[in-house]
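Below: one structure, written as C-alpha cells.
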Amino acid sequence: MEASTFDLNRRKGRYGVAYIKNVCAQFGVGLDETSPDEDVNAWDCSIKYLINSVPVQVKCTSSDFTASDPHLSWPIKPEWRAKWSSYRGGPAYFVVVRVPNSSDEWIQHEVDDQTLHQAAAYWARIDRADLGASIRVNRANRFTAATLQLWHEDILADFGLVPS
C-alpha cells in the first residue's frame, strides 16, 4: 500500500514553497504561504519584510537550462496575467525551483550530520506592464539569501527610500 498521498506534481508544488521558506529562514524574514484553496490572486506566498510584503508565484520543475539558452520560460496563464496586471502593490516576483526527476533524489541524507538539497531556484521580477505569453527566468538570477536583500532594496526604492 502506497503511503504517499501526493502525486509528483503536488510534491513539486509543496517542495518549491518549502525551498523558498528555507531560504527566507536563512536570511531572516518570514514567509506567509497562501492556502492552496485560497490561491485566488495567483500568488503562492508573500515574503514578509518590515516595511512591506512581497508576493511570489512559485513553480517547481525538473526541466533544465540548456547550453544554448540560459533561460527557462514558463507559460503565463491568462488568469495570472489578469490578476498580476491589476496588482497595485510594490514589486512582485516569479521563482522557479529546479529539482531532479525523481523525488527520491531531491534531498540526500547519506552524509553524517548533513542534509543536502539537490535543488536550485531562479527568479524574475514580474513586469506587470509587459506580460507576454510566458515569463523568462535567467539562470544568472539564482535565488539565494542575497536575493532577498536585493528584493528588500526594490521595496525601499518603490517607497522612495534609500537603502541604509
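The values are calculated or read from the model by the stated rules, or taken from the named source; none is laboratory data. Everything numeric here is computed off the predicted structure, so don't read it as measured data. Using ideal geometry, Cβ is built from the backbone for each residue, glycine included, and neighbour counts are taken over all protein chains shown.
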Counted residues, the range 63-79 - those being out of contact with any Leu (no Cβ under 7 Å at 6 or more places or on another chain) and without any contact (Cβ under 8 Å) to a residue 40 or more places away in the chain: 8
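Provide a single number: the residues in the range 92-105 that are out of contact with any Pro (no Cβ under 6 Å at 6 or more places or on another chain) and surrounded by 18 or more Cβ atoms within 10 Å (Cβ to Cβ). Please lay out each step first, then the result.
Step one: filter the range 92-105 for residues out of contact with any Pro (no Cβ under 6 Å at 6 or more places or on another chain), giving 93-105.
Right, trim to surrounded by 18 or more Cβ atoms within 10 Å (Cβ to Cβ) and you get 93-99.
Within the range 92-105, residues that are out of contact with any Pro (no Cβ under 6 Å at 6 or more places or on another chain) and surrounded by 18 or more Cβ atoms within 10 Å (Cβ to Cβ) number 7.
So which residues in the range 114-127 are in a loop (DSSP other than H, G, I, E, B), surrounded by fewer than 16 Cβ atoms within 10 Å (Cβ to Cβ) and under 18 Å from the mean Cα position of the chain (by Cα)?
Step one: filter the range 114-127 for residues in a loop (DSSP other than H, G, I, E, B), giving 114-115, 118-119, 126-127.
Within this subset, residues satisfying the condition of being surrounded by fewer than 16 Cβ atoms within 10 Å (Cβ to Cβ) are 114-115, 118, 127.
Listed by number, the residues that qualify are Gln118, Asp127.
Could you tell me which of the residues Ser102, Ser73, Ser62 is more than 16 Å from Asn41 (Cβ to Cβ), of a type in the set (Gly, Ala, Ser) and at pLDDT below 90? Break it down into steps so the answer makes sense when it comes.
Values: Ser102 fails: at pLDDT below 90; Ser62 fails: at pLDDT below 90.
Step by step, each of Ser102, Ser73, Ser62 is checked, and only Ser73 is more than 16 Å from Asn41 (Cβ to Cβ), of a type in the set (Gly, Ala, Ser) and at pLDDT below 90.
Yes/no matrix, rows are residues, columns are (1) touching a Phe, Trp or Tyr at 6+ places or on another chain (Cβ under 9 Å); (2) hydrophobic (A, V, I, L, M, F, W, C):
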position	(1), (2)
Gly89	no, no
Val95	yes, yes
Arg98	yes, no
His117	yes, no
Arg125	yes, no
Asp130	no, no
Arg142	yes, no
Gln149	yes, no
Phe159	no, yes
Per-region count, the range 128-158, residues touching a Ser or Thr at 6+ places or on another chain (Cβ under 8 Å) and either modelled with pLDDT of 95 or more or assigned to a strand (DSSP E or B) (or both): 5
The range 140-164 residues that are closer than 23 Å to His117 by Cα, paired with ones that are assigned to a helix (DSSP H, G or I) and at pLDDT below 95 (beta carbon under 8 Å, 6 or more apart): none
Residues located in the range 144-164, provided they are closer than 15 Å to Ala121 by Cα and either surrounded by fewer than 17 Cβ atoms within 10 Å (Cβ to Cβ) or touching a Leu at 6+ places or on another chain (Cβ under 8 Å) (or both): Thr144, Ala145, Ala146
Cβ-Cβ under 9 Å pairs, at least 6 apart or on other chains, the range 28-45 side assigned to a helix (DSSP H, G or I), far side of a type outside the set (A, V, I, L, M) and surrounded by 15 or more Cβ atoms within 10 Å (Cβ to Cβ): Pro36/Gly13; Pro36/Asp44
